[in-house]
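The values are calculated or read from the model by the stated rules, or taken from the named source; none is laboratory data. All figures in this text were calculated on a predicted structure; none of them were measured in a lab. Neighbour counts run over all protein chains shown; Cβ positions are idealised from the backbone, glycine included. Just so you know, the surface numbers come from the protein's heavy atoms only, side chains and all, with ligands and any DNA or RNA stripped out. Shrake-Rupley method; radii C 1.70, N 1.55, O 1.52, S 1.80 Å.
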Amino acid sequence: MGSCFSKFSKGAPDTPGTPGDLMVEQRARSFSKRTELWERTGTVQFQSSQISPTFPFELKTVPPRKIRILDGSKNRIKKVPSYIGLMIYCNRLGLSHNRIQRLPRSIGKMESLRVLLLDYNRLEELPDELFMLTKLERLSLARNKLTKLPRVIGNLKSLKYVDVSGNRKMKSITSGISGCKSLEELRCSDCSIQKIPADCAKLEQLRLIVAENNRLESVPSALFLYAEGLQTIALYGNPIEMSTVEGTKGYKEWEARRATLCADAAKKGPGVLLGKKAEEDARGASVLWSNQSGGERDQDRRTTVSGPKAGTTPTSSSANATHAAGGTRDTGGSTGTGAIRGVRSKPSGQSPQVSAGGRLKSE
């Protein structure tokens, strides 16, 4: 009897028909189906799979030149393997929410890459080879440990969107960013930035700067004078006064240009929302004042400067400002025309009345 029990207790993994053998067979089938799917579609997905410390081993069985999309976000990856450089036709790489501390230099060989998502990692520096990706259009580096962006970021001529928000030790944005001629959105909130580079005015496509919760005390006049496409600058949570913004050289000219663009757009009719809200947007304020609902007004002075781009509807500027401010649009509020919760706007031509303590006076 003893020998009989010992036989079953030890198990017989090599014996056909045992549970262990069935598990191995199921895993093999699953492995085969997974890799076949990856190879057939060109889309490799292993997000939220608790993968650690690097890419899954079965990825090595997929021909790297067949991979077009790779999503390994929300894992525990610490190291990106160097063979990623062989994925020369991959156009989207998502590795957000991992524990990556550095990138391999071979990433510069991913010549077809257009989207690179590396937010919520532990990156402290970036290899120069990363900025050889001349087709890159979207780069997210938010919530890492970066202290700066290298000047060679200007090599990314196709870059339209960059986000470095949440890198707490980053004190400045390199002037080299002026080389990103296609840049439309620059996001750098929740850093320690003290100055927006005036060279950003050279970016003809730039329409949005979100620089909330930094240490900015002024806005460079060049942005108002020369950045004709700029629609919105979100500056919530900075030690900057509205009087400083209004006194900046070029602000009045930019405001007049914005009003002219709005008036011309309103006359065109198609694509423009008419009525009271459209009129407010056409005449309306480029300054949004933060409010606390049901509480004391403007405990924190916050300012958003916005203006529409030529060829766009007036409401697009308002929508961008709302998004940048983190507000939500209330379409059924007391105004009846749509309002921004937590945000109060002053129509053009009416300067907000501010008390000596920096708070808005009661209406």
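Computed values, structure above
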| quantity | calculated |
| --- | --- |
| Residue within the stretch 185-203 that is open to solvent by 10 Å² or more (accessible area, probe 1.4 Å), more than 21 Å from Leu235 (Cβ to Cβ) and either of a type outside the set (Lys, Arg) or part of a loop (DSSP other than H, G, I, E, B) (or both) present | no |
| Answer residue from the stretch 119-151, given it is touching a Gly at 6+ places or on another chain (Cβ under 7 Å) and open to solvent by 90 Å² or more (accessible area, probe 1.4 Å) and is farthest from Glu185 (Cα to Cα) among those | Met132 |
| For Gly154: the one exception among (1) part of a loop (DSSP other than H, G, I, E, B); (2) surrounded by fewer than 21 Cβ atoms within 10 Å (Cβ to Cβ) | (1) |
| Some residue of the stretch 90-100 being more than 21 Å from Ser48 (Cβ to Cβ) and either touching a Cys at 6+ places or on another chain (Cβ under 6 Å) or open to solvent by 60 Å² or more (accessible area, probe 1.4 Å) (or both) | no |
| Near pairs, Cβ below 6 angstrom, 6+ apart or cross-chain, from the stretch 57-68 (free of Cβ contacts under 8 Å to residues at least 60 places away in the same chain and over 15 Å from Glu36 (Cβ atoms)) to any residue that is part of a helix (DSSP H, G or I) and not small (Gly, Ala, Ser) | Pro64/Leu86 |
| Test set (1) of a type in the set (Asp, Glu); (2) closer than 21 Å to Gly154 by Cα; (3) at pLDDT 95 or above - Glu204 fails condition number | (3) |
| Unique match (being closer than 23 Å to Asn167 by Cα, touching a Pro at 6+ places or on another chain (Cβ under 7 Å), basic (Lys, Arg) and at pLDDT 95 or above) among Arg114, Arg138, Arg99, Arg105 | Arg105 |
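Residues checked against (1) over 26 Å from Ser192 (Cα atoms); (2) hydroxyl-bearing (Ser, Thr, Tyr); (3) in contact with a Pro (Cβ under 7 Å, 6 or more places away or on another chain):
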site	(1), (2), (3)
Pro64	yes, no, no
Val80	yes, no, yes
Leu95	no, no, no
Leu118	no, no, no
Asp128	no, no, yes
Met132	yes, no, no
Leu146	no, no, no
